[in-house]
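As structure tokens, the structure follows; a few thoughts come after it.
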Amino acid sequence: MALAITAYGTKVLRKVCDEITKDYDGLEALIDNMWETMYEAGGVGLAAPQVNKAIRLFTVDTVQVFEGMNDEDKEDLFEDEEPIKETFINAQIIGESEEVWAENEGCLSLPDINGEVERPWAIEIEYVDRNFKKHKRTFTGYNARVIQHEYDHTEGILYVDHLSGISKRLIKGKLNKIAEGKVSARYRMRFAK
């Protein structure tokens, strides 16, 4: 079942999220619903705060983007790394590269707003998957970018927090409209009350 996506201005998007255990009530259904929500909204990632849950959980699917890229973009953004389709639970980024790169980002919680964000090219992350199997992996390029974006959500950070001062000023009016519920999206949204 597709869930409503929490809009900018809602308090849950600014919370540092809690870790969960495998007996978290309704976890399997929540994960399934998050995947459905992400696909229905046209996203490549979705974090639990975006469906009004302050827990350390997010989904990422870069396979769909990879399949639509030309060969040059695949080589530039993925290098030799395979695209991923993964559920991340209780993730902790434990390392990042000094090399950074800037790319345009958007967010389902902030419809119709984009901005250029600088992020590390590579990250090392520890997490458990939906079966609570432990992983410690390094991701690079596009995979790393999407993971960092979703991970930020579990830390109460939005991509707009990374924008330059002038970029933030340029979108301030749009952010206010979203917070006031004066925006529409092609998917269901939950606005602050």
_Of everything in the range 30-88, what is crowded, with 16+ Cβ neighbours inside 10 Å, among the acidic types (Asp, Glu) and assigned to a loop (DSSP other than H, G, I, E, B)? Give them in sequence order._
GLU81
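For residues that are part of a helix (DSSP H, G or I) and closer than 26 Å to ILE178 by Cβ, tally how many sit in the range 7-29.
Just the residues of the range 7-29 that are part of a helix (DSSP H, G or I), to begin with: 11-14, 27-29.
Right, trim to closer than 26 Å to ILE178 by Cβ and you get 11-14.
Within the range 7-29, residues that are part of a helix (DSSP H, G or I) and closer than 26 Å to ILE178 by Cβ number 4.
Looking at the structure I just gave you, is LEU3 part of a helix (DSSP H, G or I) and either more than 20 Å from ASN143 (Cα to Cα) or over 14 Å from the mean Cα position of the chain (by Cα) (or both)? It would help to see each step written out before you state the result.
Numbers: part of a helix (DSSP H, G or I): no; either more than 20 Å from ASN143 (Cα to Cα) or over 14 Å from the mean Cα position of the chain (by Cα) (or both): yes.
Here the answer is no, as LEU3 does not meet what is asked.
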*Within the range 172-193, restricting attention to residues that are small (Gly, Ala, Ser) and under 17 Å from LEU158 (Cα atoms), which residue is farthest from the chain's Cα centre (by Cα)?*
GLY173
*Considering (1) touching a helix residue (DSSP H, G or I) at 6+ places or on another chain (Cβ under 8 Å); (2) of a type in the set (Lys, Arg); (3) in contact (Cβ under 8 Å) with a residue 60 or more places away in the chain, say which one LYS174 fails and leave the rest.*
(1)
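What are the residues in the range 89-115 that are more than 15 Å from the chain's Cα centre (by Cα) and either of a type in the set (A, V, I, L, M) or not in a loop (DSSP other than H, G, I, E, B) (or both), if any? Working first, answer last.
At the first step, the residues of the range 89-115 found to be more than 15 Å from the chain's Cα centre (by Cα) are 94-102, 112.
Across the range 89-115, the qualifying residues are ILE94, GLY95, GLU96, VAL100, TRP101, ALA102, ASP112.
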*Just name the residue that is farthest from ARG14 (Cα to Cα) out of those in the range 137-169 that are touching a strand residue (DSSP E or B) at 6+ places or on another chain (Cβ under 9 Å) and of a type in the set (A, V, I, L, M).*
ALA144
*So which residues in the range 128-162 are assigned to a helix (DSSP H, G or I), free of Cβ contacts under 8 Å to residues at least 60 places away in the same chain and among the hydroxyl-bearing types (Ser, Thr, Tyr)?*
TYR159
*Within the range 62-69, is there a residue that is at pLDDT 95 or above and of a type outside the set (A, V, I, L, M, F, W, C)?*
yes
_Leading residue by the ranking (surrounded by the most Cβ atoms within 10 Å (Cβ to Cβ)) among those in the range 163-193 that are hydroxyl-bearing (Ser, Thr, Tyr) and assigned to a loop (DSSP other than H, G, I, E, B)_ = TYR187
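The values are calculated or read from the model by the stated rules, or taken from the named source; none is laboratory data. Small disclaimer: the values here were computed from a predicted structure and weren't measured. With ideal geometry, Cβ positions are generated from the backbone for all residues, glycine too; neighbour counts draw on all protein chains shown.
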